[in-house]
2 protein chains.
Amino acid sequence: MPPLQQHIKKYISINEEELSAVLNFFHPLQLKKKQNLLTEGKICRANYFVMKGCLRLFFINDKGVEQTIQFAIENWWIADYTSFEKQEPATFYIQAVEKSEVLALPFINQEEMLQKFPQMERYFRLMHLRANAASQFRIRSLYSLSGEERYHQFNERYPEFVQRIPQYLLASFLGFTPEYLSEIRSKKFS
Amino acid sequence: MPPLQQHIKKYISINEEELSAVLNFFHPLQLKKKQNLLTEGKICRANYFVMKGCLRLFFINDKGVEQTIQFAIENWWIADYTSFEKQEPATFYIQAVEKSEVLALPFINQEEMLQKFPQMERYFRLMHLRANAASQFRIRSLYSLSGEERYHQFNERYPEFVQRIPQYLLASFLGFTPEYLSEIRSKKFS
């Protein structure tokens, strides 16, 4: 069974017929490495489910430097949720870190789907609840941990990310330079 | 109409009879100033809607200092969402900043309510979506703004909070000392 169907069935009760009707509201997209799904100033028209590959959410800071704040690999959702909810211009970019396949759920499709299949409200409630829980944990780390501690925590919680994300993006996400990341890593193995 | 009923009707379609049945799943609680609703290590049994007053979510850092990461005033929800979702020990505290009245929705009541009134899934989906959107914005600020810039941003977005929250808690939330907060404020008026 394809990943999204599996994922939905993990969280809610839904029969095969309904599930296949739900899937009709999604569009598959193929992304090349470094292809942008969203750029700042455009409206985030869809919520994206990653079937294969890895995406990141970032913004460009005052110094013109890209700052990654979120990654999404298989079975994760990603969007600029302020832009998506209000259908107003985005303040973030979304880009493929590697060659990726996603399922896009456009905002208008979502609204129609939720009217026809209200049981999907529960699925998305649980997705947002988990993201909300993860953010509380994340904000706590930003307040209380040093860069090095954040690296070790991320390594423990998400070893599958650390393996596949380019060093310079991981360093940006953790809030320090790639040189500092090499330093931490070499310390670990010395 | 009481605040929670108003709030629910703002987001979903629900008739008076259903609404009053939904309200039966909540328990009202009166909190004294500085009373704890949740302490670290206990299970966060409920999700809390603030009817009157102000609550805060905080943790105690390595140095034994309380670090506030979230405030909730009237019409906001607050919980340790990892603890609430998994019904496992909390890593945060929740405390009343001032004398407060909240409506508690215990986890088991929530599950029963959502079975009987599945339209409430939508309401909570929208609450978590908004919290999720706010967290993306918040994490961005933590990466890109100085303490002083965060103060000004918070002041613009949430003037009603800045008026009523004690200085030392606001400073903790913004990630600096009360002395630095006084400095920023006096700069503004000089």
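No lab work stands behind these numbers, since they all come straight from the coordinates. Just so it is clear, the model here is predicted, and its values are computed rather than measured. Neighbour counts are summed over all protein chains in view; Cβ atoms, including those assigned to glycine, are modelled from backbone coordinates with ideal geometry.
Remarks
- Taking the C-alpha atoms only, the angle from helix A:107-116 to the longest principal axis of chain A is near 50 degrees.
- Cα Rg over Rh - region A:94-175, Kirkwood: 1.08
- Per-residue extension of 0.36 nm, minus the Cα-Cα distance of residue B:34 and residue B:108, leaves a gain of 24.0 nm for this segment.
- Cβ-defined net charge surrounding residue A:14, 14 Å radius [Lys, Arg +1; Asp, Glu -1]: -1
- Pairwise label distance in nanometres, residue B:42 with residue A:157, each label 7 Å out on the Cα-Cβ vector: 2.5
- Distant-in-sequence amide H partners of residue A:53 (H built 1.01 Å from N, under 5 Å): A:74, A:101
- Environment charge of residue B:31, counting only residues whose C-beta is closer than 13 Å and scoring Lys/Arg +1, Asp/Glu -1: +4
- Per residue of A:113-125, other chain Cβ atoms within 10 Å of the residue Cβ number 4 on average.
- Approximate spin-label separation residue A:177-residue B:17, in nm, with each point projected 7 Å along Cα-to-Cβ: 6.9
- Label point 7 Å beyond Cα of residue A:10 along Cβ direction - residues of region A:97-121 with amide nitrogen under 20 Å: A:100-105, A:119-121
- Here the Karplus relation 6.51 cos²θ - 1.76 cosθ + 1.60, evaluated at θ = phi - 60°, turns the backbone of region B:143-148 into coupling constants of 7, 10, 10, 6, x, 5 Hz, with x for every Gly and Pro.
- Shielding of peptide A:79-86 by partners, expressed as the average count of other chain Cβ atoms within 10 Å per residue Cβ, is 4.
- Relative contact order (%) - chain B, alpha-carbon pairs under 8 angstrom, separation at least six: 24
- Pairs from B:9/B:52; A:116/B:10; B:9/B:34; A:187/B:86; A:116/B:116 whose Cα-Cα separation, in the structure shown, is over 27 Å: B:9/B:34; A:187/B:86
- Rounded to the nearest 500, the 222 nm mean residue ellipticity of chain B from helices alone is -15000 deg cm²/dmol, with -39,500 (n - 2.57) taken per DSSP H run of at least 4 residues.
- Interatomic Cα distance distribution for region B:3-42, bins of 10 angstrom, percent: 22, 37, 26, 15
- Its Cα centre serving as origin, chain A has a Cβ charge dipole (Lys and Arg +1, Asp and Glu -1) of approximately 380 debye.
- For region B:17-26, the Karplus equation 6.51 cos²θ - 1.76 cosθ + 1.60, evaluated at θ = phi - 60°, returns couplings of 5, 4, 4, 6, 5, 4, 4, 5, 7, 9 Hz by residue, with Gly and Pro reported as x.
- Spatial offset of region B:113-162 relative to region A:117-179 amounts to 17 Å, using the alpha carbon center of each.
- For residue A:43, the residues 5 or more places off, or on other chains, whose built amide H falls under 5 Å of its own are A:90.
- Sequence-distant aspartates and glutamates (8 or more away, or on other chains) whose Cα lies within less than 13 Å of residue B:33: B:98, B:101
- Residues whose amide H comes within less than 5 Å of that of residue A:69, counting only those at least five positions distant or on another chain, are A:57, A:58, A:59 (H built at 1.01 Å from N in the peptide plane).
- Distribution of pairwise C-alpha distances over region A:68-109, 5 Å bins, in %: 5, 18, 30, 26, 18, 4
- In terms of the mean number of neighbouring beta-carbon atoms within 10 Å, the peptides A:139-146, A:102-109, B:10-17, B:152-159 order highest first as A:102-109, A:139-146, B:152-159, B:10-17.
- Percentage of interatomic Cα-Cα distances in region B:34-147 larger than 21 Å: 42
- Against the rule of thumb 2.2 N^0.38 Å, how large the Cα Rg of chain B comes out: 1.09
- Under Karplus coefficients 6.51, -1.76 and 1.60, residue-wise ³J(HN,Hα) of region A:160-176 in Hz, glycine/proline x: 5, 6, 4, 5, 9, 8, x, 3, 5, 6, 5, 4, 4, 4, 7, x, 9
- Largest-first principal axis extents of the Cα set of the protein assembly as shown (Å): 56, 54, 41
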